[in-house]
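Just below is one structure, and these are the notes that go with it.
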Amino acid sequence: MRISQILRRKGGDVATIEPTASIVDVISSLGTHGVGALVVSSDGKTIGGIISERDIVRSLATLGADTLEATAAELMTAEVFTCELDATTEQLMSEMTKGRFRHVPVVEAGVLVGIISIGDVVNARVDELEIERQQLTDYISGR
Ligand code: AMP
């Protein structure tokens, strides 16, 4: 399945945060949006980085409470793996597994147009496999 199909269903909203935002604001926004990662962007369109719950937990382990004084830009991952609308669920599953991350921002002509989580990819694969299973069952039983 193409990523464009998933975005058509779930929409292109992406929770973003400014690079200068504090980690307290990042935590608050993660909670408000009910997501595990935010795209760091100063204009909501171009990607400066990505910050996930994991970055905050990792920093808590090393910096302790000082983590709360840091900014999004200080804890984010600056080199972000992105995909385009014609990428497939198989490609993303493979990249997410290899890179050990669960979020992939989607870009079109350099502009942020959506985000795919590992949950979106798994749900899409389960739907695809169910359709295949149904088609095979119909074929075998001559329906
Ligand atoms: P996650 O599994 O998405 O919560 O993220 C795990 C780690 O990978 C964190 O350090 C994130 O900042 C980083 N990360 C998340 N998504 C991406 C991505 N698309 N490209 C590069 N790094 C990422």
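The values are calculated or read from the model by the stated rules, or taken from the named source; none is laboratory data. Keep in mind that what you see is a predicted model, and the values were worked out from it rather than measured. Methodologically, a virtual Cβ is constructed for each residue, glycine included, from the backbone with ideal geometry; neighbour enumeration extends over all protein chains shown. For the accessible areas, the whole protein counts, side chains as well, though only heavy atoms, and no ligand, DNA or RNA atoms are used. Shrake-Rupley method; radii C 1.70, N 1.55, O 1.52, S 1.80 Å.
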Answer yes or no: is there a residue in segment 34-54 that is modelled with pLDDT of 95 or more, among the β-branched types (Val, Ile, Thr), assigned to a helix (DSSP H, G or I) and over 30 Å from residue 129 (Cβ atoms). no
Do any residues in segment 32-57 that are open to solvent by 80 Å² or more (accessible area, probe 1.4 Å) have Cβ atoms under 9 Å from those of residues that are part of a helix (DSSP H, G or I) and of a type in the set (A, V, I, L, M, F, W, C), where the two are at least six apart or on different chains, and which pairs are they? 53/27; 53/30
Looking only at segment 104-124, count every residue that is surrounded by fewer than 16 Cβ atoms within 10 Å (Cβ to Cβ), under 19 Å from residue 10 (Cα atoms) and touching a residue at least 60 places away in the same chain (Cβ under 8 Å) and tell me the total. 1
Of the conditions (1) without any contact (Cβ under 8 Å) to a residue 12 or more places away in the chain; (2) closer than 28 Å to residue 55 by Cβ; (3) basic (Lys, Arg), residue 143 satisfies every one except a single condition; which number is it? (2)
Out of segment 3-37, which residues are within 23 Å of residue 89 (Cβ to Cβ) and in contact with a helix residue (DSSP H, G or I) (Cβ under 8 Å, 6 or more places away or on another chain)? 3, 5, 6, 10, 15, 36, 37
Test result for residue 142, within 16 Å of the ligand (Cβ to nearest atom) and not aliphatic (A, V, I, L, M): no
Counted residues, segment 82-103 - those being within 13 Å of the ligand (Cβ to nearest atom), part of a helix (DSSP H, G or I) and open to solvent by less than 30 Å² (accessible area, probe 1.4 Å): 2
Members of segment 76-93 found to be under 10 Å from residue 106 (Cα atoms) and of a type in the set (Gly, Ala, Ser), listed by number: 87
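May I ask you to verify whether residue 133 is open to solvent by 90 Å² or more (accessible area, probe 1.4 Å), farther than 15 Å from residue 12 by Cα, within 12 Å of the ligand (Cβ to nearest atom) and free of Cβ contacts under 8 Å to residues at least 40 places away in the same chain?
Criteria not met by residue 133.
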